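My questions all concern the structure below.
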Ligand SMILES: Nc1ncnc2c1ncn2[C@@H]1O[C@H](COP(=O)(O)OP(=O)(O)O)[C@@H](O)[C@H]1O
Ligand SMILES: [Mg+2]
């Protein structure tokens with residue numbers, strides 16, 4: 001396995017200042033993630049998971065500390081520079097699927113490439129590859145996304161996250177709106193992208209059961225890492241059968 005870190009966080013602090021009040025949300029977080037890992041970041045609501053996700057996803061910068069994403073220091077970049085890095089390096093999956101309801105599956109998956117100025121044939125080729133890699137059934141490619149179940153919608157969002165060939169897939173509570181069985185199918189999709197396609201996955205969740213699907217679990221609480229351990233008994237998600 002390639003061991004060059006995709007993520008290297010050194011003593012990340014994030015403090016919000018509102019109306020003269022300072023709130024320390026991340027209090028010195030250090031960890032790294034190597035290429036090809038599948039890591040869960042788990043903690044209760046309010047522990048700072050989304051704040052950390054925004055920093056590792058280059059959506060925000062830390063108050064202090066350093067963050068290297070795929071070898072580049074992104075902790076002091078401007079908003080425009082962060083946007084470029086995100087487009088280049090990261091595929092995002094959120095709790096809400098954020099699809100265009102009346103557009104087809106193929107259209108939804110290829111949409112980021114429209115914004116990136118990629119030509120139509122090339123967009124379709126890349127979107128089809130992303131759908132195949134995420135094992136999304138071809139019978140549904142021409143369905144409108146509002147004709148799909150929640151689990152299928154999230155799988156469209158996962159395929160969409162792949163079209164820029166990201167170094168890192170970053171998922172914030174991706175099963176939060178799904179029942180357990182459907183959530184398993186989504187977790188299976190992440191596992192097969194990781195093991196079958198070598199994608200690095202960072203999965204953020206408050207549910208121990210979901211985190212157990214990763215190879216390594218980082219527990220955070222009150223803005224600090226409590227434990228960071230391999231998960232030798234990784235749970236294997238059930239796909240469709
Ligand atoms: N912009 C902000 N200003 C002040 N406090 C914030 C802001 N964003 C988040 N927080 C606080 O930081 C803490 C962690 O939030 P968050 O990262 O969303 O946690 P999680 O995703 O683990 O639920 C919470 O107490 C939240 O209220
Ligand atoms: Mg959150």
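Points 7 angstrom from Cα along the Cβ direction at residue 197 and residue 84: gap in nanometres?
2.7 nm
If you don't mind, another one. Which percentage, to the nearest 5, of the DSSP beta bridges contained in the chain is antiparallel? It would help to have the intermediate numbers written out before the result.
On the way: 25 of 43 bridges.
Percentage antiparallel, nearest 5: 60.
Rounded to the nearest Å, what's the spacing between the alpha carbon centres of segment 141-164 and segment 83-104? Just the number, please.
Between the Cα centre of segment 141-164 and that of segment 83-104, the gap is 11 Å.
What FRET efficiency, computed as 1/(1 + (r/R0)^6) with R0 = 30 Å and r the Cβ-Cβ distance, is obtained for residue 72 and residue 30, rounded to the nearest 0.05?
Given R0 = 30 Å and the Cβ-Cβ separation, E is 0.95.
For the chain, what is the calculated [θ] at 222 nm in deg cm²/dmol (nearest 500), taking -39500 (n - 2.57) for each run of four or more DSSP H residues and dividing by its residue count?
Estimated from H runs of four or more residues: -10000 deg cm²/dmol.
A further question follows. Full-extension gain between residue 181 and residue 147, please, as 0.36 nm times their residue separation minus the C-alpha to C-alpha distance. Can you show the working numbers first?
Working: separation 34, 0.36 × 34 = 12.24 nm, distance 1.93 nm.
Between residue 181 and residue 147, full extension yields 10.3 nm more.
Give me the extension gain from residue 125 to residue 19: residue separation times 0.36 nm, minus the current Cα-Cα distance, reported in nm with one decimal.
33.1 nm
Follow-up. Figure the gain on full extension for residue 10 and residue 114 (residue separation times 0.36 nm, minus the Cα-Cα span) and round it to one decimal in nm.
33.9 nm
Using only alpha carbon pairs under 8 Å that are at least six residues apart, calculate the relative contact order of the chain and give it in whole percent. Spell out each step's value before the answer.
On the way: 499 pairs, mean separation 64.4, N = 241.
Relative contact order for the chain comes out at 27 percent.
To continue, here is another question. For a footprinting-style exposure proxy, rank 121, 10 by other Cβ within 10 Å, fewest first.
Ranking 121, 10 by Cβ neighbours within 10 Å, fewest first, gives 121, 10.
Computed from the coordinates by the stated procedures, all read-outs in this text should not be read as laboratory data. Since the structure is predicted, the reported quantities are computational estimates derived from the model, not experimental observations. Please note: Cβ atoms are built from the backbone with ideal geometry, for glycine as well, and neighbour counts cover all protein chains shown.
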